[in-house]
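What follows is a single structure, written as structure tokens, with notes after it.
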Amino acid sequence: MSIKPLIILPDPVLRQVSKPVERVDASLRKLTGDMLETMYDAPGIGLAAIQIGEPLRMLVIDLAKEDETPTPHVFINPEILESSDQRSVYEEGCLSIPDYYAEVERPAAVRVKYLDRDGKLQEIEAEGLMATCLQHEIDHLNGVLFIDHISKLKRDMVVKKFKKLAKDKMSGNKAPGRLVG
Ligand code: NI
């Protein structure tokens with residue numbers, strides 16, 4: 001397992017629509033391990049494959065708090081079957097949009113079918129943070145970011161800020177991580 005670099009806004013890769021996983025095999029399980037390790041390192045509670053540059057419909061979630069035993073969940077080809085009429089609001093953030101948080105309203109509960117890490121068909125009825133997290137990550141598989149759910153004014157401001165950050169980074173003299181002896 002290894003930690004992969006995260007794709008950051010405004011990288012157009014984040015807008016790609018990911019393709020369904022065709023086979024759950026050893027290389028896919030390795031990718032799952034890399035995703036979990038990258039997520040824990042960040043640290044974050046959810047990560048979609050596209051965030052490390054793999055346009056595949058899979059995501060990982062672990063809602064355990066720092067002092068709790070890790071409970072990794074792997075969702076392959078997840079599909080929302082049903083969403084509640086009742087809605088809830090959470091303050092969301094995203095590993096691809098570091099240090100930016102905004103309140104997002106979504107259905108409070110969802111029923112999702114998916115394949116687990118053994119390729120077995122499963123179904124989950126999620127509510128609370130798990131429901132929000134699943135919807136946030138499934139959005140990633142469709143090239144949708146949580147800032148698409150906030151006002152255009154706020155979104156434009158965030159995108160502008162990240163475009164500037166990317167530009168500043170590009171024009172820097174030293175490549176990050178390079179040893180200059
Ligand atoms: Ni995200």
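The values are calculated or read from the model by the stated rules, or taken from the named source; none is laboratory data. Treat the numbers as computed from the prediction; the structure is a model and nothing was measured. Every residue, glycine as well, gets a Cβ built from its backbone with ideal geometry; the counts of neighbours run over all protein chains shown. The protein model used for the area step is the full one, side chains on, heavy atoms only, and it has no ligands, DNA or RNA in it. Shrake-Rupley method; radii C 1.70, N 1.55, O 1.52, S 1.80 Å.
Equivalent-ellipsoid semi-axes (√(5λ), Cα gyration tensor) for the chain, whole Å, largest first?
Working: eigenvalues 145, 94, 45 Å².
Equivalent ellipsoid semi-axes, largest first: 27, 22, 15 Å.
What accessible area per residue comes out for region 28-109, rounded to a whole number of Å², with a 1.4 Å probe?
Details: 4070 Å² over 82 residues.
Heavy-atom SASA per residue in region 28-109 reads 50 Å².
So what is Rg over Rh here for region 100-171, counting just Cα atoms and using Kirkwood for Rh?
Working: Rg = 16.2 Å, Rh = 14.5 Å.
For region 100-171, the value is 1.12.
Round to a whole angstrom and tell me the spacing of the C-alpha centers of region 96-127 and region 1-52.
Cα centres, region 96-127 to region 1-52: 15 Å.
Sticking with the crude label model, points 7 Å out along Cα→Cβ, report the distance from residue 116 to residue 142 in nm, one decimal please.
About 2.7 nm separates the two model spin labels.
Go through region 5-83 and name the trypsin sites (Lys or Arg not before Pro) that are in a DSSP coil and have 12 or fewer other Cβ atoms within 10 Å of their Cβ.
Working: sites: 15, 23, 29, 30, 57, 65; in loops: 23, 57, 65.
Qualifying residues, ordered by number: 23, 65.
Where nothing but the Cβ of Lys and Arg (+1) and of Asp and Glu (-1) is charged, how large is the charge dipole of region 12-171 around its Cα centre, in debye to the nearest 20?
Values: 22 positive and 28 negative charges, 192 e Å.
Dipole about the Cα centre, nearest 20: 920 debye.
Per DSSP helix of 4 or more residues, -39500 (n - 2.57); summed, then divided by the residues of the chain. What does that give at 222 nm, rounded to the nearest 500? It would help to have the intermediate numbers written out before the result.
Details: 3 runs with 49 residues, N = 181.
Helix-only estimate at 222 nm: -9000 deg cm²/dmol.
For the pair residue 164 and residue 63, what calculated FRET efficiency results from E = 1/(1 + (r/R0)^6), where r is the Cβ-Cβ distance and R0 = 41 Å, to the nearest 0.05? It would help to have the intermediate numbers written out before the result.
Working: r = 33 Å, r/R0 = 0.80.
For residue 63 and residue 164, the calculated efficiency is 0.80.
Using a probe of 1.4 angstrom, how much of the accessible area of region 12-171 is carbon and sulfur, in percent? Show your work: numbers first, answer last.
Working: 4640 of 9040 Å².
Looking at region 12-171 in its full context, I get 51 percent from C and S.
In the P(r) worked out for region 77-123, what percent of Cα pairs fall beyond 12 Å?
Values: 756 of 1081 pairs.
Counting every Cα pair in region 77-123, those more than 12 Å apart make up 70 percent.
As an exercise, find the ratio Rg/Rh for region 4-86 from alpha-carbon atoms, using the Kirkwood inverse-distance average for Rh. Could the numbers behind the result be given before it?
Details: Rg = 13.6 Å, Rh = 13.8 Å.
Answer for region 4-86: 0.99.
Given the options 35, 158, 73, identify the residue whose Cα lies farthest towards the positive end of the charge dipole of the chain (+1 on Cβ of Lys, Arg; -1 on Cβ of Asp, Glu).
My answer, from the dipole projection, is 158.
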